[in-house]
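What follows is a single structure, written as structure tokens, with notes after it.
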Amino acid sequence: MNPYVLAILLSSLGLGTTLTFASSHWLLAWMGLEINTLAITPLMAQHHHPRAVEATTKYFLTQATAAAMILFASTTNAWATGEWSINDLSNPVASTMFVAALALKIGLAPVHFWMPEVLQGLDLLTGLILSTWQKLAPFALIVQTAQTIDPLLLTLLGATSTLVGGWGGLNQTQLRKVLAYSSIAHMGWMIIVIQYAPQLTLVALGTYIIMTSAAFLTLKMSLATKISTLATTWSKSPVLASTTALVLLSLGGLPPLTGFIPKWMILQELAKQDLPLIATTMALTALISLYFYLRLCYAMTLTVSPNTTNSTTPWRTQTTQASLPLALFVVSTLGLLPITPAILMLTA
């Protein structure tokens, strides 16, 4: 892609998100979301592959539907209350419609069906932008309006997403689909606690972005998109294979790694709010997710390389990717647990 066009598209992505962050008026927020969608569409279709074009079309249609629902919800709310302010979402019909639209935008269950299909059709870097940056603007709106939304609806969305995210990833052989279901599960963790402690949602979102960036960049470095390709990683680059396995375990939320921070804090908050049943359900769904991460680790580190595989086996990892962002994200993914007290102090 032409570097000038790429610069315009990336700056438009930044502009759209910033516009939504800064707005207190529904129309401005909607405009920011639309700029975001229109800026990422050419990035998704840039390879002119039928699968990429199909993924772009699916993404555009779902995002356009969600944007239309947001516009409809905000108009309904303005009609009922005479206010266009984001903080004044007092009409119950408008608030329910608004949550449904934002759930569709970020891929929460039960409106998650587009997410694995779209991510599967993209290359890893565009998939990374879709899984991280594109979640920021909708989350800013959810955080601002969380207190006016029905708590039962948010709890149902969160619990369903963690369950579907764990269950859906069990049977996948494509790594991008696994990461899509992982994203759905993580979104569920963030949504379930947003009504009680929005600051924990932001901590969970930050750690999710760090871990997902590390996962996508390690897979990009090892040129892996299928589990069968992962099995050949160890012989090419043992250090990269080890760090990839640890990054996946961090995504699963195992204790010595960064991914444990949000899960621990969210479960603690749910217990404080006298919701032991929901906390137990969330912990059990985390185990389902952990199983498929362990499956990937098994394929990568415990499967002997000379096995029957359809993928070509290059004798070393050849890449033009810059390794500094990868190193920074991997270190953050593996080693932020000791600074949990500082995070708790900042979010108190």
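The table that follows gives values for the structure above.
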read-out: Residue that is farthest from Leu200 (Cα to Cα), among those in region 254-278 that are part of a helix (DSSP H, G or I) and more than 21 Å from the chain's Cα centre (by Cα); value: Leu277
read-out: Residue in region 236-258 that is closer than 18 Å to Pro338 by Cα and basic (Lys, Arg) present; value: no
read-out: Residues (at pLDDT below 90 and crowded, with 17+ Cβ neighbours inside 10 Å) located in region 78-104; value: Ile86, Leu89, Asn91
read-out: Failed item, numbered, when Ser242 is tested on (1) outside any loop (DSSP other than H, G, I, E, B); (2) open to solvent by less than 10 Å² (accessible area, probe 1.4 Å); (3) more than 30 Å from Ala100 (Cβ to Cβ); value: (2)
read-out: Answer from Leu337, Leu254 - the residue that is in contact with a Pro (Cβ under 7 Å, 6 or more places away or on another chain), modelled with pLDDT under 90, aliphatic (A, V, I, L, M) and within 28 Å of Leu125 (Cα to Cα); value: Leu337
read-out: Failed criterion for Ile288 (all others in (1) at pLDDT 90 or above; (2) under 19 Å from Thr218 (Cβ atoms); (3) under 19 Å from the mean Cα position of the chain (by Cα); (4) not small (Gly, Ala, Ser) hold); value: (2)
read-out: Options Thr212, Thr201; residue that is over 22 Å from Leu324 (Cα atoms), open to solvent by less than 20 Å² (accessible area, probe 1.4 Å) and assigned by the TED database to the domain that holds Val330; value: Thr201
read-out: Region 226-238, subset surrounded by fewer than 19 Cβ atoms within 10 Å (Cβ to Cβ) and modelled with pLDDT under 85, residue nearest to Gly335 (Cα to Cα); value: Pro238
read-out: Residue check for Val5: out of contact with any helix residue (DSSP H, G or I) (no Cβ under 8 Å at 6 or more places or on another chain), modelled with pLDDT under 95 and either of a type in the set (Val, Ile, Thr) or part of a helix (DSSP H, G or I) (or both); value: no
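The values are calculated or read from the model by the stated rules, or taken from the named source; none is laboratory data. Values in this document were obtained by computation on a predicted structure and should not be read as measured data. So basically every Cβ, Gly included, is an ideal-geometry build from the backbone, and we count neighbours across all protein chains shown. These area figures cover heavy atoms from the full protein model, side chains too; ligands, DNA and RNA do not enter into them. Shrake-Rupley method; radii C 1.70, N 1.55, O 1.52, S 1.80 Å.
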